[in-house]
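Just so it is clear, none of the values below were taken in a lab; they were calculated from the coordinates. Note that this is a predicted model, so its numbers are computed, not measured. Glycine gets a Cβ as well: all are built from the backbone with ideal geometry, and neighbour counts include every protein chain shown.
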Amino acid sequence: MTSQKSFDPRYRVNIELGMRVMIEEENSKNSELVSCYVKEIITPDVMNESGIKVICEDGKKGRVKHIGTESSFMDSNDLLVVLERKLRKIIVEELSKVDRNWWDSLGPIIKDDVQRKLDTGGEQRKQLGIPNYELIEYTNFYHLPDMILGKRWQYFEKIFKNKNAIDVKLHELATIRNPSAHSNILPEMIEKKIQVYYDDIVRLIENYQRNLNN
């Protein structure tokens, strides 16, 4: 990592090249912050209250709003939702590389659960004008460990490395996700566990993706 640094006035810490940050992307209509790794520091102006402007390794450009992962500013319930999306995305990306019809080869439990959800809410979605999404978007968190750790583990081992470690984390999070989804208040100890597990899992995914692009 290079020693070139700039100063982030929001957090009073140095920003380095290669650091993971959350940015407000330039010229984006989406108000959500996006994660990236700093490739170039454009405006190292310590007095700029909008945040330091950077270019990221993936080409995104914007102002740094947070340093580190989403766990630095999101609550635990939101982290679980974001992690669920990231896991679905990596499942689709990796399984699609080996079989374009991978969904058809899943076990009946997951497919039946998804079909029941589609059947139950189909009329309501039609009335509200909600479009149909990819089938994996109708899965629950507890489906995802089975999709990663089952007979398709060979496609995810290069990402998550240690099967036993990721098994424990995903199944614990799946257990937590159910009461969390019903707005139950989580104990502080559980919230901290979610933050730690989130950071661990997201870094494994992002390290794998960065290596692919290098």
In sequence order, calculated HN-Hα J values of segment 31-43 (Karplus, 6.51, -1.76, 1.60; Hz; x Gly/Pro)
7, 6, 6, 10, 8, 6, 10, 5, 9, 8, 9, 8, 10
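Which order, highest average first, do 34-43, 79-88, 96-105 follow once you tally other Cβ atoms within 10 Å for each residue and take the mean per peptide?
My ranking of the peptides, most packed first, is 79-88, 34-43, 96-105.
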State, to one decimal in nm, how far the label point of Asn214 lies from the label point of Val196, with both points 7 Å from Cα in the Cβ direction.
2.7
Diffing segment 73-87: the Karplus 3J(HN,Hα) column from phi (6.51, -1.76, 1.60, θ = phi - 60°), in whole Hz with x for Gly and Pro, holds 9, 8, 7, 5, 4, 5, 4, 5, 5, 5, 5, 4, 5, 5, 5
Diffing segment 196-207: the Karplus 3J(HN,Hα) column from phi (6.51, -1.76, 1.60, θ = phi - 60°), in whole Hz with x for Gly and Pro, holds 5, 5, 4, 4, 4, 6, 5, 5, 4, 5, 6, 4
At what distance in nm do the modelled label points of Glu157 and Asn27 sit from each other, each positioned 7 Å from its Cα along Cα→Cβ?
4.5
When the label point is put 7 Å from the Cα of Val34 along its Cα-to-beta-carbon vector, which residues of segment 60-93 have a backbone N closer than 12 Å?
60-63
Could you work out how much longer the chain between Arg203 and His171 gets when fully extended? Use 0.36 nm per residue separation minus the Cα distance between them, nm to one decimal.
9.7 nm
Per residue, what volume in Å³ does the Cα convex hull of segment 76-213 take up?
127
Give the lysines whose C-alpha is closer than 25 Å to that of Lys111, dropping any in the same chain fewer than 8 places away, or say none.
Lys86, Lys89, Lys97, Lys126, Lys151, Lys163, Lys169
Pop a pseudo-label 7 angstrom from the Cα along the beta-carbon direction at both Lys89 and Arg116 and give the gap in nm to one decimal.
3.0
Which FRET efficiency value, to the nearest 0.05, is calculated for Glu134 and Val98 with the Förster distance at 25 angstrom and r the Cβ-Cβ distance?
0.90
